[in-house]
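Have a look at the structure below before the remarks.
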Amino acid sequence: MANKYPRKGILGVREQAARMRCSFSAFRTRVKGAWLISVGRVQPSTLSAAYKIEIRYKVGERPEVRVLEPRLTCREGEDRIPHMYDQECLCLYFPPANEWSGERSLGHSILPWVSLWLYYYELWHATGEWLGGGHEPVPRKPLRN
Amino acid sequence: MIGTRFPADEELTLILEFVAASLQITQTQHDRADTAYNSVTSWLGAEGSPLEGYDPLLFPQGSLRLGTTVKPLKKTEFDLDVVCLLRMNGGATPGEVYELVWDRMWSHKTYRSIMERMPRCIRLNYAEDSQFHLDIVPAIPDISKGGTFIRIPERPSPKLSTWRTSNPKGYAFWFERQMVYLEKYARAQVEPLPVQDSSAKKPALSKAVQLIKRWRDVWFKDDMHLAPSSIILTTLAAEQYNGEATCCDALTNILEGMVVFARSNRRDLYNPANRAELISEKWVKDEAAYRAFCDRIVEFRDKWQKVLDTARSPIRGIGDVAKLLYELFGEPVVGAIKKAEERVAKSRDSGNLYMERTSGSLITSLSAPTVSSVSKVRPNTFYGE
């Protein structure tokens, strides 16, 4: 039986890339093997810096978002930037809460969160507080082989 | 000043407005001051009072009248100035006028316990939670000058007293004319304190004056004896003001003008409402105070320019702007930035936060033409490992 409304499914990287190019033409989006790589600028507010960011995504994995420039810095007197994975990628959502899945378009879901993250990152520098809420990170236990 | 509009200036203005708002006397304090000086008026003019025949009239002067109050840096109390005008035709000595008001107040049990003699006024020290004291300045009309001119007893010691000419109302009218501020000033027996302006409605000039006074308090905190007086800063600011619509633009223009003034080597600044009154007496007498003003106003202008450059720069963020603003105005900057964030938080909480797709900027209010170029910021929980 033909389904008039096909079930929403996981979007492939080519489909994600096509959507990204369509809605976010200022981003340079390409597909390299199983990976989608998209680079562009996000300026959360007019007072903010315009950050060059990179999204790397592979179906079945968590989208990785890195800030290429200006480089993220730690606040004076602190040893880490809040809400990051290994001080490298941005922690944009809480995976167990199903806030994101591969059925969603990266541009429309992940990118606005990047803008919001960068906004709160700047406010953290300005005020010393992370005003964007979220889960307090749990210190990671050292991995053992 | 006519210049290119930078989008960043709008957000910077918002932060500055919150800084100015946090410096001014609160509505509650304002209402308390209003009640307090209405009570004093009733007591002085009550039937049977020795002052009854002089028809005492109280009216606010200085920053309270101009809407440019600034919370002191170290103390928690505001200095609020109120003139007590007695309709006398002269004949009395300055000492007599001062004592007349003093004695009448002294006969009131409550006032007696909070009164304090000051060289130009009678200070009422209200309970600490009021967070202000009221300086009652006794005065009589200056018949020789007429108009809104008054004479104030100056009493450096109980034995000495002289008259000083002043024109606080004339000054206020001048200031308001400078900011093209049309307000009907009710002539009443007791003139109400001007309605406390909400920050948004408050004229750009008043806010700029508050910021400049705050800068003075911060930058001269270790050598307050060198600090330029509020009337000097207010007068220079109002003279330079050129109708800018925002406190950000007003500040830029005023600081440029102040630097030009500082470079002119002029030490004499007169009260625009009383041309015979030199308000920069301190600069004539104290070269160090004049030099300190000249040097630091240039520094202020340079730092302010840096604030503007940083705000408009695509490689510098809010944190960099905040740091510079903090150096100029201190602690209230942090609160102001948090206050500005509340718009974003509110939109996010109600599901009305969007991101403009080309710039990646967050948008808190949507207008019809932008609907097709934005993406909704979906609910999320920042996490960390």
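Laboratory data are not the source of any read-out in this text; all were calculated from the coordinates shown. Please read these numbers as outputs of a predicted model, since none were measured by experiment. Note that we place each Cβ from the backbone using ideal geometry, even for glycine, and neighbour counts take in every protein chain shown.
For the cross-link pairs B:74/B:207; B:74/B:303; B:285/B:306; B:71/B:282; B:75/B:303; B:207/B:282, which exceed 31 Å when the distance is taken from alpha carbon to alpha carbon? If you can, show how the numbers build up before the last one.
Working: B:74/B:207 21 Å; B:74/B:303 24 Å; B:285/B:306 33 Å; B:71/B:282 23 Å; B:75/B:303 27 Å; B:207/B:282 25 Å.
Over 31 Å apart, Cα to Cα: B:285/B:306.
Determine the sum of side-chain charges near residue B:337: Lys and Arg each +1, Asp and Glu each -1, restricted to other residues whose C-beta is under 13 angstrom from that of residue B:337. The partial results should precede the final answer.
On the way: positive: B:323, B:338, B:339, B:343; negative: A:122, A:129, B:11, B:17, B:320, B:331, B:341, B:342.
Neighbour charge sum, excluding residue B:337 itself: -4.
Using the alpha-carbon atoms, what tilt in degrees (0 to 90, nearest 10) does helix B:204-219 show relative to the longest principal axis of chain B?
Approximately 80 degrees, to the nearest 10.
Can you give the local net charge around residue B:276? Use residues other than it whose beta-carbon is closer than 13 angstrom to its beta-carbon, Lys and Arg +1, Asp and Glu -1.
Details: positive: B:145, B:151, B:164, B:275; negative: B:142, B:268, B:277, B:281.
It works out to a net charge of 0.
Students often forget the sequence filter, so: which aspartates and glutamates lie under 19 Å Cα-Cα from residue A:52 once same-chain residues fewer than 8 apart are removed?
The reachable aspartates and glutamates, counting only those whose Cα sits under 19 Å from residue A:52, are A:64, A:69, A:88, A:122, B:320, B:356.
Run the helix sum for chain B: -39,500 (n - 2.57) per DSSP H stretch of 4+ residues, divided by residue count, reported at 222 nm to the nearest 500 deg cm²/dmol.
After summing the helix terms and dividing by residue count, I get -14500 deg cm²/dmol.
Checking the a/c ratio against 1.5 first, then a/b against b/c, what shape does the Cα gyration tensor give for the range B:332-385?
It is oblate, given that a/c is not under 1.5 and a/b is not larger than b/c.
Apply the a/c threshold of 1.5 to the C-alpha gyration tensor of the range A:33-145 and tell me whether it is rounded, prolate or oblate.
Oblate shape, in that a/c is at least 1.5 and b/c is the bigger or equal ratio.
In the range B:25-196, what % of DSSP beta bridges are antiparallel (nearest 5)?
Approximately 70 percent, going by the DSSP bridge assignments.
For chain A, find the longest principal axis of its Cα atoms and tell me its angle to the long axis of helix A:13-23, 0 to 90°, nearest 10.
Helix A:13-23 sits at roughly 70 degrees to that axis.
Ordered by residue, what ³J(HN,Hα) values in Hz, to whole numbers, does the range B:241-253 give under the Karplus form 6.51 cos²θ - 1.76 cosθ + 1.60, where θ = phi - 60° and Gly and Pro are x?
Each residue's phi maps through the Karplus curve to give 4, 10, x, 4, 7, 10, 5, 5, 5, 4, 4, 4, 5 Hz.
Using θ = phi - 60° and the Karplus form 6.51 cos²θ - 1.76 cosθ + 1.60, what ³J(HN,Hα) does each residue of the range B:126-140 get, whole Hz, x for Gly and Pro?
6, 3, 4, 6, 6, 6, 7, 10, 9, 9, 8, 9, x, 7, 10
Quick one: which residues, 5+ away or cross-chain, put their amide H under 5 Å from the amide H of residue A:49? H built at 1.01 Å from N.
Sorted by chain and number, the residues that satisfy this are B:317, B:318.
Would you work out if the range B:314-356 is rounded, prolate or oblate? Take a ≥ b ≥ c from the square roots of the eigenvalues of the alpha-carbon gyration tensor; rounded if a/c is under 1.5, else prolate when a/b is larger than b/c, oblate otherwise.
Working: a/c = 5.64, a/b = 1.73, b/c = 3.27.
The shape class here is oblate.
Within 15 Å, Cβ to Cβ, of residue B:259, how many net charges do the neighbouring residues add up to if Lys/Arg are +1 and Asp/Glu are -1?
+2
In deg cm²/dmol, rounded to 500, what helix-only [θ] at 222 nm does chain A give when every DSSP H run of at least 4 residues adds -39500 (n - 2.57) and the total is split over its residues? Can you show the working numbers first?
Values: 2 runs with 33 residues, N = 145.
That comes out to -7500 deg cm²/dmol.
Remind me, relative contact order of chain B in percent, using alpha carbon pairs under 8 angstrom and six or more residues apart?
Contact order relative to length: 16 percent.
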